[in-house]
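Quick note: the coordinates plus some simple rules give every number you see, no bench work behind them. The structure displayed is predicted, hence computed values, not measured ones. Counting neighbours? That spans all protein chains shown, and the Cβs are built from the backbone with ideal geometry, glycine included.
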Amino acid sequence: MTAEMKFHDYFPADRIKRLTDAINRKAKPLGSLGLLEDLALQTALALGAEPGDDLKLTPLHLIFAGDHGVAAAHPVSITGSNFTVKMVNNFIRGGAAINAFLDTAGIPFEIIDSGISRPEEILPDGISRVRNCSLGRGTRDLSEEDALTEEQLKKAEEFGKSIADNAVSRGINALLFGEMGIGNTTPASAILARVAGLPAEECAGRGTGIGDQALALKKALIRKALARVPENAPPEVILRALGGFEIAEMVYTMTHARNRGILLVIDGFIVTAAALLACRITPEIRGQMVFATESGEPGHLRMLEMLKATPLLRLGLRLGEGTGAALSYSLIKSAAAFFSRMAEWDSKSGRIIYRN
């Protein structure tokens with residue numbers, strides 16, 4: 001096994017040894033499948049499997065959508081806040097990149113309305129694809145005041161718990177996380193800056209492609225927001241002050257998936273910001289997290305380093321939607337398949353033992 005994927009501390013040593021020994025008995029040179037061996041081990045651990053079990057994955061892709069007051073009040077994105085609902089409708093119609101990737105992988109998806117500003121514009125024939133977990137019509141402007149109220153944060157946890165409970169009740173054991181929210185790289189950058197103790201300049205990037213003037217404004221707004229939040233603030237305080245509706249509901253969906261036999265597939269910059277806070281609130285949830293991709297956003301690598309995470313893909317993605325999570329699923333599925341189906345060496349007889 002390699003030492004790069006840092007999930008081992010979150011599971012019992014005896015289970016890790018049993019599963020590692022089972023992987024090492026596979027009919028291959030030791031360690032020859034590289035990080036796929038770690039991925040198989042982590043998947044088995046997260047799903048509660050033992051040697052000889054069949055790792056049957058039942059995935060669900062969640063796209064959390066929400067609008068942001070900072071984007072409504074300031075030009076920090078190349079598009080206006082009204083574009084969030086347009087993209088939700090594009091998901092419903094099947095015209096987005098994520099639809100193409102999910103269709104290719106055979107993964108079902110749900111859209112979570114965490115708080116888009118124009119829910120009345122959702123296509124009537126697409127309402128059944130959208131789960132109403134709205135916390136309001138967009139957050140407040142984080143540069144001026146806390147993005148969420150105490151009541152909204154409490155409600156976000158209730159929604160997160162219900163989403164996790166629903167997944168468990170349906171037999172889902174792999175949750176893939178995506179998001180949609182115009183301007184949401186601003187709160188994600190602010191979260192990173194406060195958690196890591198870094199200046200805004202080292203955390204904020206161009207998002208979907210803003211110019212120099214918008215980037216300078218974005219950094220200034222983040223600095224203004226950070227001035228309100230103590231450096232040692234608890235994660236819940238950071239989330240309330242600097243987060244977004246979709247970020248908050250992702251955080252609590254993750255924390256309420258703890259020890260419930262679910263693998264959490266973490267996408268790019270925004271989802272990793274949620275994962276960063278979720279791991280501050282519930283540290284042991286880190287063991288269930290697989291990190292799909294390293295985003296093109298400059299702050300994302302710093303987040304991955306803080307979480308001691310090795311991403312499965314490095315494709316320079318910065319689209320969001322959970323595109324990296326969907327693309328990485330074939331690797332997760334392949335790791336589960338070799339764990340479940342691959343023959344083993346019998347060291348005593350020198351024979352290969354095949355699975356039934």
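Details
- Modelled FRET efficiency - R0 45 Å, residue 217 with residue 337, Cβ distances, 0.05 increments: 0.40
- Among the listed pairs 28/333; 56/308; 155/224; 6/219, those whose Cα-Cα separation exceeds 23 Å are 56/308; 155/224; 6/219.
- Backbone N atoms of region 54-90 closer than 20 Å to the 7 Å Cα→Cβ label point of residue 127 belong to residues 65-66, 85-90.
- Between residue 104 and residue 18, the simple spin-label model (points 7 angstrom out along Cα→Cβ) gives 3.8 nm.
- Taking the fewest neighbouring Cβ atoms within 10 Å as the starting point, the ordered list for 329, 10 is 10, 329.
- Across region 197-206, coupling constants 3J(HN,Hα) worked out from phi with the 6.51/-1.76/1.60 Karplus curve, θ = phi - 60°, read x, 10, x, 4, 4, 8, 10, 8, x, 8 Hz, and Gly and Pro carry x.
- Among the listed values (i) 1.25; (ii) 1.04; (iii) 1.00, the one computed from these coordinates for Rg/Rh (Cα atoms, Kirkwood Rh) is (iii).
- Gained length - residue 306 relative to residue 149, 0.36 nm times residue gap less alpha-carbon distance: 53.7 nm
- For residue 263, nonlocal amide neighbours, meaning residues 5 or more places apart or on other chains whose placed amide H falls under 5 Å from its own, are 174, 175.
- Contact order relative to length of region 192-345, as percent, for alpha carbon pairs under 8 angstrom and 6 or more apart: 21 percent
- Angle in degrees between helix 245-255 and the longest Cα principal axis of the chain, rounded to the nearest 10: 30 degrees
- Charge-dipole axis of the chain as Lys and Arg at +1 and Asp and Glu at -1 on Cβ define it, positive-most pick from 107, 167, 81: 107
- Chain lengthening between residue 224 and residue 346 when straightened (0.36 nm per residue, less Cα-Cα): 37.5 nm
- Cα-based helix-to-principal-axis angle, 185-196 vs the chain, degrees rounded to 10: 70 degrees
- Magnitude of the charge dipole for region 257-356, about its Cα centre and with charges confined to Cβ atoms of Lys, Arg (+1) and Asp, Glu (-1), is about 320 debye.
- Taking GluC sites (Glu not before Pro) as exposed when their DSSP state is a loop state and no more than 12 other Cβ atoms lie within 10 Å, the longest site-free interval of the chain runs over 5-230.
- Helix 269-281 axis, angle to the chain major axis (alpha carbon atoms, nearest 10°): 80 degrees
- Computed from phi, the 3J(HN,Hα) profile of region 305-321 under the Karplus parametrisation 6.51, -1.76, 1.60 (θ = phi - 60°) reads 5, 5, 8, 6, 10, 9, x, 6, 10, 10, 10, x, 5, 8, 8, x, 6 Hz, with x in place of Gly and Pro.
- Mean Cα-pair separation over length for region 1-118, i.e. relative contact order, pairs under 8 Å, 6 or more apart, %: 26 percent
- Whole-number percent relative contact order across the chain, with pairs defined as alpha carbons under 8 Å at least 6 apart: 24 percent
- Estimated dipole of the chain in Debye, rounded to 20 [Cβ of Lys and Arg +1, of Asp and Glu -1, Cα centre]: 780 debye
- Estimated FRET transfer efficiency when R0 is 25 angstrom, pair residue 32-residue 53 (beta carbons, to 0.05): 0.65
- Relative exposure of 139, 185, judged by other C-beta atoms within 10 Å (fewest first): 185, 139
- Fewest-first sequence of 272, 255, 208 by Cβ atoms within 10 Å of each Cβ: 208, 255, 272
- Nonlocal amide H pairs with residue 291, under 5 Å, H built at 1.01 Å: 266, 312
- 3J(HN,Hα) couplings calculated from phi for region 165-170 with the Karplus curve 6.51 cos²θ - 1.76 cosθ + 1.60 (θ = phi - 60°) are, in sequence order, 4, 5, 4, 4, 5, 9 Hz; Gly and Pro show x.
- Inter-centroid distance (Cα atoms) of region 1-74 relative to region 194-269, Å: 25 Å
- Cleavage-rule hits (trypsin sites (Lys or Arg not before Pro)) in region 32-120: DSSP loop, at most 14 neighbouring Cβ within 10 angstrom: 56
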